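**Student:** Before we start, here is the structure in question, set down as structure tokens.
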Amino acid sequence: ETSEQIVDFGYRFYKIMSAGLVPIIEKHVTFLSPDAALAHILGLTNILYYSLAFDGCPARELLESHRMKHPALPEVYSAVVISNEWKFEMLKKLIVSGQMQLRVIGVTNMCTDLLNMFTKNKKDDPASHPVLLHFANFILQNKLVDYIVGIGSHPEIIAESFNIVGFLIATKTYSNQQTD
């Protein structure tokens, strides 16, 4: 009973903190240091993951909603995908923010996570692994390659983002459209 209460408390904490973090990143990004942004994002991602993976999952509605949106994704991957989806949404917000340090932190961490995902799942065919394809589609749907190598991008962001493009190539989701 105690562990269920702690996980439930953690999930409620995640919901409150994540709801507060989004407007800070979107509207008051100058108040956020790179270290603080990363600490909040990593900590909240872990809390969300453990809330979803716990047997007495306090985030049942989130799991069910995600399963309805992504029926082809095996349930065994739900906690990893949902928590990393949230993390990638936050990293994306950092990448498109007006603060160069936060943009670099966002790109660097996304690249590291994609590389770790690929390394963990490379024994399977990357072009058919559901988690890898899910995040390749996330990158494509959010037009991150367009933003990262677009006209307004900074050379430091372009240099840091090679693993994002590499991830798309490895999952065979990179197309001529991204090159163009």
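The values are calculated or read from the model by the stated rules, or taken from the named source; none is laboratory data. Quick caveat, the model's predicted, so the values are computed rather than measured. A quick note on method: Cβ atoms are made from the backbone with ideal geometry, for glycine too, and the neighbour counts reach across all protein chains shown. These accessible areas exclude ligands, DNA and RNA; they are computed on the full protein's heavy atoms, side chains included. Shrake-Rupley method; radii C 1.70, N 1.55, O 1.52, S 1.80 Å.
**Student:** Could you tell me the relative contact order of the chain? Use alpha-carbon pairs under 8 Å, at least six residues apart, and round to a whole percent.
**Tutor:** That works out to 19 percent.
**Student:** Under 10 Å, Cα contacts only: if you run a Gaussian network model on the chain, which one of 95, 151, 41 comes out with the highest mean-square fluctuation?
**Tutor:** 151
**Student:** Based on Cβ point charges of +1 for Lys and Arg and -1 for Asp and Glu, what charge dipole magnitude is obtained for the chain about its Cα centre, in debye rounded to the nearest 20?
**Tutor:** 260
**Student:** Additional query: Determine the calculated [θ] at 222 nm for the chain from helices alone, applying -39500 (n - 2.57) to every DSSP H run no shorter than 4 residues and normalising by the residue count; nearest 500 deg cm²/dmol. Each step should come with its number before you reach the end.
**Tutor:** Details: 10 runs with 132 residues, N = 180.
Rounded to the nearest 500, the figure is -23500 deg cm²/dmol.
**Student:** Hey, what's the Kirkwood Rh for the chain if you take every pair of different alpha carbons, in angstrom?
**Tutor:** Over the chain, the inverse of the mean reciprocal pair distance is 17.2 Å.
**Student:** Ignoring ligands, DNA and RNA, please state the percent of accessible area on the stretch 107-147 from carbon and sulfur, probe 1.4 Å.
**Tutor:** Of the solvent-accessible surface of the stretch 107-147, carbon and sulfur hold 53 percent.
**Student:** With a 10 Å cut-off between alpha carbons and a GNM built on the chain, which of 38, 114, 62 moves the most?
**Tutor:** In this elastic network of the chain, the residue with the biggest mean-square fluctuation among 38, 114, 62 is 62.
**Student:** Going by Cα centres, the stretch 1-15 and the stretch 112-180 are how many Å apart?
**Tutor:** 34
**Student:** Modelled label-to-label distance, residue 77 and residue 169, 7 Å Cα→beta-carbon offset: nm?
**Tutor:** About 2.3 nm, to one decimal.
**Student:** What distance in nm lies between label points placed 7 Å from Cα along the C-beta direction at residue 8 and residue 35?
**Tutor:** 3.7
**Student:** Something else now. On full extension of the chain, what length is gained from residue 96 through residue 19, given 0.36 nm per residue of separation minus the C-alpha to C-alpha distance?
**Tutor:** This chain segment gains 25.8 nm when fully extended.
**Student:** Next question. Test of understanding: in a Gaussian network model of the chain with alpha carbons linked when under 10 Å, which of 166, 152, 43 would top the mean-square fluctuation ranking?
**Tutor:** Among 166, 152, 43, the largest GNM mean-square fluctuation belongs to 152.
**Student:** For the chain, what does the accessible surface come to per residue with a 1.4 Å probe? Please give it in Å². Before the final figure, lay out each step's value.
**Tutor:** On the way: 9910 Å² over 180 residues.
Result: 55 Å² of accessible area for each residue.
**Student:** Could you tell me which residue out of 141, 40, 114 lies farthest along the dipole of the chain toward its positive end? Charges go on the beta carbon: Lys and Arg +1, Asp and Glu -1, centred on the Cα centre.
**Tutor:** Of the listed residues, the answer is 141.
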